[in-house]
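Notes for the one structure printed next.
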Amino acid sequence: MDDEFAKLNRRINPPRVIVDNGACGHATFIQVDSVNKHEILLEIVQVLSDLNLNVTKAYISSDAGWFMDVFYVTDNRGKKITDEETLGYIQKTLETKVYILNSMKSSANLIPSKDHTSTTIELTGNDRPGLLSELSAVLADMGCNVINAEIWTHNARAATVIHITDRSTGHAIEDPDRLSTIKELLFNVMKGDSDFKTPSARMFVSTSRETHTGRRLHQMLLADRDFERHNDKCSMEPHVTVLDCSDRDYTVVTIRCLDRPKLLFDTVCCLTDMEYVVFHGTVITGRLEAYQEYYIRHVDGFPISSEAEQQRVMECLEAAIERRTTQGVELEVITEDRFGVLSEITRIIRENGLSIKRAEIRRNGGKANDRFIVSDVMGNGVVDPKTMEMVQKEIGGLGEEEGCGVKVEGNNSSLSLSTKLPKEKHETRTSFSFGNLFKGRNFHNFNKLIKSCS
């Protein structure tokens with residue numbers, strides 16, 4: 001009877017999404033309201049994050065089985081979204097996502113793979129210089145083509161999600177013996193020289209299902225307890241407080257930190273994966289700082305009941321915020337996709353004494369687009385310009401064809417230079433760009449809040 005009533009309620013009250021450029025002078029207004037369900041807030045924020053929309057303000061409210069969330073978003077230039085096709089796509093995507101979630105009996109972060117053409121590998125272990133170089137070399141030696149990958153490092157731990165295909169077939173690797181060999185070799189790389197005092201490496205291989213990569217990396221590092229600090233906090237780290245709100249039977253979480261893209265996704269993802277529900281919330285960003293306030297309860301309906309649990313929530317939120325704020329220099333390589341190119345690039349980075357702190361590997365339409373955040377082997381974000389010049393020369397080569405520009409900003413000094421690219425068999429052309437990586441009120445009247453737009 002309860003299930004049938006829920007179905008009737010969804011039919012009578014279908015999800016409603018409003019996308020409006022007239023409600024605010026400097027941002028696009030998005031409102032989503034529907035029957036409430038656990039994790040639905042995260043799924044909405046995930047859509048906005050995947051579309052590379054920056055949330056400048058947000059107001060969240062859910063009560064009595066219904067929710068209404070309001071977001072003010074801009075593009076990467078800080079402007080409204082004016083393209084009608086993009087606006088329509090945002091509305092359609094949100095409506096579809098909310099409808100599907102409300103139709104499911106239970107929420108799950110595992111999403112069926114669209115084509116089952118790749119094998120997904122998940123790895124966690126100790127971070128060290130040259131780790132991605134060693135992993136990509138093993139995969140190349142085993143005839144595995146890396147089509148997409150992402151690696152995060154935080155607090156001396158590393159997590160990576162890699163999608164591979166068989167070099168000869170272009171499809172997922174399904175031979176159990178070959179998968180077992182790949183798994184053993186990669187596990188040994190992740191384990192390195194770890195002794196019994198350090199957390200062991202972990203690995204998971206799947207050919208049938210995949211997860212949202214950002215959320216999965218958060219989950220992997222959370223499970224690996226990267227929130228446990230081994231050094232003192234610095235002044236640039238986020239400020240998180242967790243307090244009782246006994247008169248309303250909530251726990252209040254407040255966050256103040258430097259603003260950056262995907263910040264809202266990271267904090268909501270952390271709370272959701274720790275099995276807390278956000279009932280009300282406010283998000284406000286300024287030029288540099290972001291302020292977030294959440295009224296939460298555990299999924300069992302109770303607020304946080306102990307100081308130890310409050311401390312753990314604070315530490316986990318701080319870690320979730322810090323994972324994307326790695327200090328370093330950004331290196332982007334765009335080239336024609338060919339087998340083994342990732343292994344070659346990461347080898348050059350390693351041999352020049354640089355450590356990869358974060359990486360995004362993408363293959364699409366015959367093109368390779370790889371982004372790396374690099375530091376020196378001691379973890380310092382400022383890298384010697386001569387080292388960057390050497391990396392550029394080794395990756396680009398000394399040769400005949402078209403030049404490519406290289407730019408380093410905020411690395412103590414600015415460096416601009418160019419070189420010639422070698423003519424290769426497949427006429428592979430590579431371009432590079434370096435840029436410095438960005439380091440890193442109570443909720444009383446919801447209707448009044450969403451009308452304000454300053």
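Some values worked out for this structure:
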| quantity | calculated |
| --- | --- |
| Output for segment 19-49, where each listed residue is closer than 17 Å to I284 by Cα, part of a strand (DSSP E or B) and open to solvent by less than 10 Å² (accessible area, probe 1.4 Å) | T28, I30 |
| Residue list for segment 50-72, filter: over 17 Å from T285 (Cβ atoms) and either open to solvent by 20 Å² or more (accessible area, probe 1.4 Å) or within 25 Å of the chain's Cα centre (by Cα) (or both) | D50, L51, S61, D63, A64, G65, W66, M68 |
| Given (1) open to solvent by 20 Å² or more (accessible area, probe 1.4 Å); (2) under 25 Å from N54 (Cβ atoms), index of the condition R215 fails | (1) |
| Subset of segment 334-363 (residues that are in contact with a Ser or Thr (Cβ under 6 Å, 6 or more places away or on another chain) and either open to solvent by less than 50 Å² (accessible area, probe 1.4 Å) or part of a loop (DSSP other than H, G, I, E, B) (or both)) | T335, L342, S343, T346, N352, S355, K357, R358 |
| Residues satisfying the stated conditions in segment 283-328, i.e. hydroxyl-bearing (S, T, Y), more than 17 Å from the chain's Cα centre (by Cα) and farther than 27 Å from A27 by Cβ | S305, S306 |
| Candidate set from segment 243-266 (those that are open to solvent by less than 10 Å² (accessible area, probe 1.4 Å) and not hydroxyl-bearing (S, T, Y)); member that is nearest to H280 (Cα to Cα) | V253 |
| Options I147, I164, I111, I121; residue that is modelled with pLDDT under 90 and under 26 Å from R323 (Cα atoms) | I111 |
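The values are calculated or read from the model by the stated rules, or taken from the named source; none is laboratory data. Fair warning: this is a prediction, and the values are worked out from it, not measured in the lab. Note that each Cβ is placed from the backbone with ideal geometry, even for glycine, and that neighbours are counted across all protein chains shown. SASA here: full protein model, heavy atoms, side chains in, ligands and nucleic acids out. Shrake-Rupley method; radii C 1.70, N 1.55, O 1.52, S 1.80 Å.
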